[in-house]
Amino acid sequence: MVSRVIPVDVFDLVIFGGTGDLARRKILPGLYRRYVAGQMPADSRIIGAARADLSEADYRAQVAEAIAEFVPKDRQDKTAIQGFLDRLHYVAIDATGTNGWSALKGLMRDSVVRAFYFSVAPSLFGDIAQRLSEHGIADAWSRIVVEKPFGRDLASAKALNAVLAKHFNETQIYRIDHYLGKETVQNLMAVRFANILFEPLWKAEYIDHVQITVAETVGVDGRGAYYDKSGAMRDMVQNHLMQLLCLIAMEPPYHFDPDAVRDEKLKVIRALKPVPSEDIVRGQYGAGGGDKGYVAHSENPASRTESYIALKVHVSNWRWQGVPFYLRTGKRLRARASEIAITFKQPPHAIFDDAKGWHENVLVIRLQPNEGMNLMVMIKEPGPGGMRLMQVPLDMSFADAITDGEDVPDAYERLIMDVIRGNQTLFMRGDEVEAAWAWTDPIIQGWELRGDKPQTYDPGSSGPEDALMLMHRDGRRWREIR
Ligand code: BG6
């Protein structure tokens, strides 16, 4: 099946930090792919803005290099690349000073969508927002896109929200969590709310527990300075895993509408119980497999920052009473594997004697790689010899169903196009981010006060030993990371 390309309005997209790492790796290659897909109307422009004193030609050359490096070879087409580069402009700008702002204003056009991507350190958000409005560059229809980390605790997130609110309405602010742009993550909502099959069972009466795993093989290489001040809890749980949890746990919104969806997610975050220390396991990878270990990437040889975390979380409402959500994420693990697994309860009464062959139903939603869903069901083992049971997967591989050799847009491409369309459904609202920090802060403060050290784990393993115990003591097991 070939997906439909939905047209968008003509736009000017200004990327602050247009020469930075995220712009090179994700934003510009993503925009090139949308251009190739026919989703960048003629006359739309991308304006890189950064401190470096570059000419337009220099900037285009830099972007050409980024495309060569980060777009798969079979998607690189000379004519298309040239067509895309022709849409690019560049302004040298000083985010905290006066240089470049009049030039940027001079480039702006009326009657097109104006979007400003803040791909810069959060400490510059306020300066840029202020200058955009002072110079009359942003108008009431303009949109701004802000990247994570959105604060490092509740106080700093509130301060960022307040700074942006001075110049923009909430309907103009697009806080990106790129997990919400992933195909399977959105599919999770389709599966839950476009089928009658799952929703009646989607509650404590029928669900035993939920596991959410985001395992990575990469380490913190090159990002040590940022990561050491962050750790897995701030870098992954407060945002990405929290968003996944919300989509699983939320009530059906009355409509697939930005505020209806975000209202329901917010209720979930507010219903999260505080997590006691015995339900948290933190780990840090040691040396091995050619890596000198986490601390070698940090400026602090005695760093206690976690590169792995596992937590048992409860959503305190009627639907989820007593159902644990086990979350885990870590770097330098055995495999890159992200999935959500929903394990159902046993049938109320067993009529078959084959207790050994029996397993619970599990719905596995696989985010990456090999996106898809698997529903593990029990059937009779074929052949004579009585009623023996076996578990088989009902396999729904999205790759087979949707790609057909065609390119599925990556998270950034989809989210940027949503900004141009003015659709905030897949972006975090200010109150949602604050609620997420309000739950996260005491957890982090707890281990800081106690002076907890993370447990060392081997690179290439499934994480620290203690994480196994977190499930074992409840009579459950983590699914294998593969
Ligand atoms: C980012 C984190 O937000 O997400 C990184 O800062 C992490 O540490 C990345 O590696 C994971 O994203 P993905 O899309 O590769 O799963």
Which of the residues spanning segment 300-310 are in contact (Cβ under 8 Å) with a residue 40 or more places away in the chain and either surrounded by fewer than 23 Cβ atoms within 10 Å (Cβ to Cβ) or part of a loop (DSSP other than H, G, I, E, B) (or both)?
-> N300, S303, R304, T305, E306, S307
Condition met for Y254 (without any contact (Cβ under 8 Å) to a residue 12 or more places away in the chain and on the phi < 0 side of the Ramachandran plot) | yes
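Yes/no matrix, rows are residues, columns are (1) under 22 Å from the mean Cα position of the chain (by Cα); (2) among the aromatic types (F, W, Y):
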residue	(1), (2)
I280	yes, no
A287	no, no
T305	yes, no
Y308	yes, yes
A337	yes, no
I342	yes, no
Do you know which residues across segment 18-43 are assigned to a loop (DSSP other than H, G, I, E, B), out of contact with any strand residue (DSSP E or B) (no Cβ under 6 Å at 6 or more places or on another chain) and either within 30 Å of R223 (Cα to Cα) or at pLDDT 95 or above (or both)?
-> G20
Do we have any residue at all in segment 431-441 that's buried (at least 17 other Cβ atoms within 10 Å of the Cβ), within 27 Å of the chain's Cα centre (by Cα) and either at pLDDT below 95 or of a type in the set (S, T, N, Q) (or both)?
-> yes
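Say we look at segment 178-211 and pick out the residues that are β-branched (V, I, T) and within 12 Å of L363 (Cα to Cα); which of these is farthest from the ligand (Cβ to nearest atom)?
I207
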Matching residues in segment 113-129 (surrounded by fewer than 16 Cβ atoms within 10 Å (Cβ to Cβ) and farther than 15 Å from R51 by Cα) number 1
Which of (1) within 16 Å of the ligand (Cβ to nearest atom); (2) surrounded by fewer than 22 Cβ atoms within 10 Å (Cβ to Cβ) is the odd one out, the single condition V146 does not satisfy?
-> (2)
Would you mind finding the one in G283, G288 that is farther than 29 Å from E183 by Cβ and surrounded by fewer than 23 Cβ atoms within 10 Å (Cβ to Cβ)?
-> G288
Go through D58, D53 for me and flag whichever is in a loop (DSSP other than H, G, I, E, B), surrounded by fewer than 18 Cβ atoms within 10 Å (Cβ to Cβ) and on the phi < 0 side of the Ramachandran plot.
-> D53
Scanning segment 144-190 residue by residue, the ones that are under 19 Å from the mean Cα position of the chain (by Cα) and in contact (Cβ under 8 Å) with a residue 24 or more places away in the chain total 28
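Restricting to segment 217-232, count the residues that are crowded, with 21+ Cβ neighbours inside 10 Å and closer than 30 Å to T343 by Cβ.
Within segment 217-232, the first condition is being crowded, with 21+ Cβ neighbours inside 10 Å, and the residues that meet it are 219-220, 227, 231-232.
Restricting the remaining residues to those that are closer than 30 Å to T343 by Cβ gives 231-232.
Residues meeting the conditions: 2.
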Determine which single condition P384 fails, assuming it passes every other condition in (1) surrounded by 15 or more Cβ atoms within 10 Å (Cβ to Cβ); (2) at pLDDT below 95.
-> (1)
Which pairs have Cβ atoms under 8 Å, sit 6 or more apart or on different chains, and link a residue in segment 213-241 that is modelled with pLDDT of 95 or more and near the ligand (Cβ under 10 Å from one of its atoms) to one that is among the small types (G, A, S) and part of a helix (DSSP H, G or I)?
-> N239/A436
By residue number, the members of segment 325-361 that are crowded, with 17+ Cβ neighbours inside 10 Å and free of Cβ contacts under 8 Å to residues at least 40 places away in the same chain are N361
Going by the conditions given, is K267 among the basic types (K, R), away from the ligand (no atom under 11 Å from the Cβ) and closer than 26 Å to G322 by Cβ?
-> yes
State all residues of segment 156-177 that are within 16 Å of the ligand (Cβ to nearest atom) and among the basic types (K, R); if no residue qualifies, say none.
-> R175
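Which one is farthest from I27 (Cα to Cα) among residues in segment 44-68 that are among the polar types (S, T, N, Q) and in contact with a strand residue (DSSP E or B) (Cβ under 8 Å, 6 or more places away or on another chain)?
Top of the filtered list is S55.
The values are calculated or read from the model by the stated rules, or taken from the named source; none is laboratory data. All values reported here derive from a predicted model rather than from experimental measurement. Quick reminder, even Gly has a Cβ in these numbers, built from the backbone with ideal geometry, and neighbours come from all protein chains shown.
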